[in-house]
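Student: This is the structure, below, for whatever I ask next.
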Amino acid sequence: MKKYTLIFIVVITLVNFSGCSKKTEGNNENNEGVKVGTVNNTYQTITPQEAKKMIDEDTNVQLLDVRTKQEYDENHIPSSILLPYDEIKDRAKSVLPNKDAKIIVYCRSGRRSKIASLELINMGYKNVYDLGGIIDWPYEVEK
């Protein structure tokens, strides 16, 4: 009896450890090009080159700057909309009414864009792309 109990405990322990080590689409870890979010809804990280291509090919893509107004006034990607990341819950419905639109999110370095992208996904937006930071944007900016 003790032998079977010990085997059962070892098997359960191994199953728990193996489940904790795997990355899945439903976790909040992020690597370049990896989809992140909840199990059914995800956002995707993209490079500046991928974002530029999307913008050039689809005039309906919405660029969302989630920095502060002061940062936005200093410089921003042309045609971007300002919606600070800490205002997304309150204002996203009015600023971004179409939850099926392609939305490219950026901030200064990438921290706030990740937070904002995940928040948008959790609010039901379907096509969210995290560009990361404007500091990595090699193309035109408006001042």
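The values are calculated or read from the model by the stated rules, or taken from the named source; none is laboratory data. Keep in mind the model is a prediction, meaning the values are calculated, not measured. Cβ sites come from the backbone with ideal geometry, for glycine too, and all protein chains shown count toward neighbours.
Student: Filter the helices (runs of 4 or more DSSP H) completely within the stretch 62-135 down to those with at least 3 residues that are in contact with a helix residue (DSSP H, G or I) (Cβ under 8 Å, 6 or more places away or on another chain) and modelled with pLDDT of 95 or more.
Tutor: Helices (runs of 4 or more DSSP H) meeting the threshold: 88-95, 111-122.
Student: A further question on this structure: Do any residues in the stretch 131-143 that are among the small types (Gly, Ala, Ser) have Cβ atoms under 8 Å from those of residues that are part of a strand (DSSP E or B) and surrounded by 10 or more Cβ atoms within 10 Å (Cβ to Cβ), where the two are at least six apart or on different chains, and which pairs are they?
Tutor: From residues that are among the small types (Gly, Ala, Ser), the pairs are 132/45; 132/106; 132/107; 133/106; 133/107.
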